[in-house]
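Here's the structure, in structure tokens; my notes come after.
What follows draws every value from the coordinates through simple rules; no lab data is involved. Not measured: the values here are computed from a predicted model. With ideal geometry, Cβ positions are generated from the backbone for all residues, glycine too; neighbour counts draw on all protein chains shown.
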Amino acid sequence: MTTDKDNPDNEVLCHCSGTKRGQIRALFLEGRDLEGISRWTGALTGCGGCEWDIEWYLKELKEEGAGAAPSSAAEPPAGDSPEAPAEES
Ligand code: FES
């Protein structure tokens, strides 16, 4: 049986702000960097003792994401491109 305590997303990485691992990952996936995550959550704005842990976790996320980046997200599927609008003359 899995409890909330067993969920690694619930691990608090910044004890000053109460920022959890899952929050950091979600903000990273939205494209925020360390500074943006800090501004959004308040992490790194207290004692600064979490800096190493959060930087390390972001490094892990970047390495994981490097191999799984969606390459076709910005391109429409083949054969599904919109037709050019008819020109009026
Ligand atoms: S533990 Fe994050 S600022 Fe203190």
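Over the stretch 7-66, consider all pairs of different Cα atoms and compute the Kirkwood hydrodynamic radius from their mean reciprocal separation; express it in Å, one decimal.
In the stretch 7-66 this quantity evaluates to 11.2 Å.
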Could you work out how far apart the two model spin labels at Glu60 and Thr45 are, taking each label as a point 7 Å from the Cα in the direction of the beta carbon, and quote it in nm? 2.5 nm
Where the only charges are on Cβ atoms (+1 Lys, Arg; -1 Asp, Glu), what is the dipole of the stretch 7-66 about its Cα centre, to the nearest 20 debye? 180 debye
